[in-house]
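Just below is one structure, and these are the notes that go with it.
The values are calculated or read from the model by the stated rules, or taken from the named source; none is laboratory data. Bear in mind the structure is a predicted one, so any value in this text is a computation, not a measurement. All Cβ positions, glycine included, derive from the backbone under ideal geometry; neighbour counts span all protein chains shown. Accessible surface areas use protein heavy atoms only, side chains included; no ligands, DNA or RNA. Shrake-Rupley method; radii C 1.70, N 1.55, O 1.52, S 1.80 Å.
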Amino acid sequence: MIEVKDLHKSFGKLHVLKGINFTAEQGEVVVIIGPSGMGKSTFLRCLNCIEFPEQGSIEIDGVILNVQKKNEKQIRALRQKSSMVFQNYNVFKNKTVLQNVMLPMTSVQKMKKEEAKEKALKYLEQVELLDKVDEYPSRLSGGQQQRVGIARAMAVNPKVILLDEPTSSLDPELVSGIQDILRNLANEHRRTMIIVTHEIKFAREIADRIIFMDEGRIVEEGTPEELFLNPKNERTRKFLEKIV
Ligand code: ADP
Ligand code: MG
């Protein structure tokens, strides 16, 4: 369902992604781990067309972006295949909870307001925020703002949800609530998800597959058992020693 071939991305002289090859199946949950500054966020941002690689190709659900000959139509089509949940929530401060979740549906998908509202309420119910629909983000906790971010990402019904350290800005007592929602998305709704996280226990529970990224490359991948209990690569082992 997702196929990435030989993806390269640089910022000026800094070569961040150095040939990423990656596939994921429909319904699969892939967790990416790795030291910071190694390109994990950049990779997710390329999948969502927030950044553009200078070499390689990205295919999601039949839409292919060929970097050398990309055009606006392809970009728009590919962008609609995924939605992103950000580390720092990225909610619009001047919009209510309901407006935040409705916005991508009415602006990007051109959905009618009534239909968008109905969908938004359905997803806000799933993340238990129905009592906050008319609040502004400044009156919500971090965990509640992240739940808005998750409802917003789900509401556009994307083929894949990309989550960039979704719990790392949260106070410890708020982490498990968000993790419960994500586990539910994975298990009951069979959502295809790619999650960058440093929470190893959570990663073991939710992931079908773990990928270890270092210095712009995928160094090792496997099931949670393979990767966490029996890492083959020396760099994976060193990284895990540091964080577990
Ligand atoms: P990770 O998510 O693994 O911590 P990132 O993908 O955020 O790593 O960043 C990889 C490298 O690319 C870092 O050195 C970072 O400073 C650099 N980088 C990321 N985004 C930009 C940008 N927009 N402009 C310049 N450098 C960037
Ligand atoms: Mg990052």
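A few notes on this one:
- Reciprocal of mean inverse Cα separation for the chain (Kirkwood radius, Å): 18.5 Å
- Accessible-area value, ILE64, 1.4 Å probe, nucleic acids and ligands omitted, Å²: 80 Å²
- Protein accessible area in the range 1-126, 1.4 Å probe - carbon and sulfur %: 49 percent
- For the range 50-97: relative contact order, % (alpha-carbon pairs under 8 angstrom, 6 or more apart): 25 percent
- Summed over the residues of the range 1-149 and divided among them, the accessible surface reaches 51 Å² per residue at a probe radius of 1.4 Å.
- Cα-based shape type of the range 69-203, given that a ≥ b ≥ c are square roots of the gyration tensor eigenvalues and the cut on a/c is 1.5: oblate
- Annotation for the range 82-120 versus the range 174-241: alpha-carbon center distance of 28 Å.
- Per the Debye formula on identical point scatterers at the alpha carbon atoms of the range 93-172, with no solvent, log10 I(q)/I(0) at q = 0.16, 0.23 Å⁻¹ is -0.56, -1.10.
- Secondary structure note: in the range 104-244, about 50% of the DSSP beta bridges are antiparallel.
- When the range 164-244 is reduced to its Cα atoms, the Kirkwood hydrodynamic radius in Å: 13.6 Å
- The mean sequence distance of close C-alpha pairs (under 8 Å, at least 6 residues apart), as a share of the length of the chain, puts its relative contact order at 26 percent.
- Measuring against 28 Å, Cα to Cα, the residue pairs LYS81/LYS113; LYS69/LYS117; LYS132/LYS242; LYS5/LYS117 contain LYS69/LYS117; LYS132/LYS242; LYS5/LYS117 as the ones spanning a longer distance.
- CD proxy at 222 nm, helix term only [per DSSP H run n ≥ 4: -39500 (n - 2.57); per residue of the chain; nearest 500]: -10500 deg cm²/dmol
- The dipole here belongs to the range 109-185: it is taken about the Cα centre, uses +1 on the Cβ of Lys and Arg and -1 on the Cβ of Asp and Glu, and is about 480 debye.
- Accessible-area value, LYS18, 1.4 Å probe, nucleic acids and ligands omitted, Å²: 60 Å²
- Accessible area per residue, Å², the range 167-244 with all protein chains present, probe 1.4 Å: 53 Å²
- Taking every DSSP beta bridge that has both ends in the chain, the antiparallel portion is near 55%.
- Counted residue by residue at 0.36 nm each, then reduced by the alpha carbon distance between them, the extension gain from SER57 to LEU14 reaches 13.5 nm.
- When the alpha carbon coordinates of the range 40-108 are projected onto the principal axes, the ranges are 40, 26, 18 Å, largest first.
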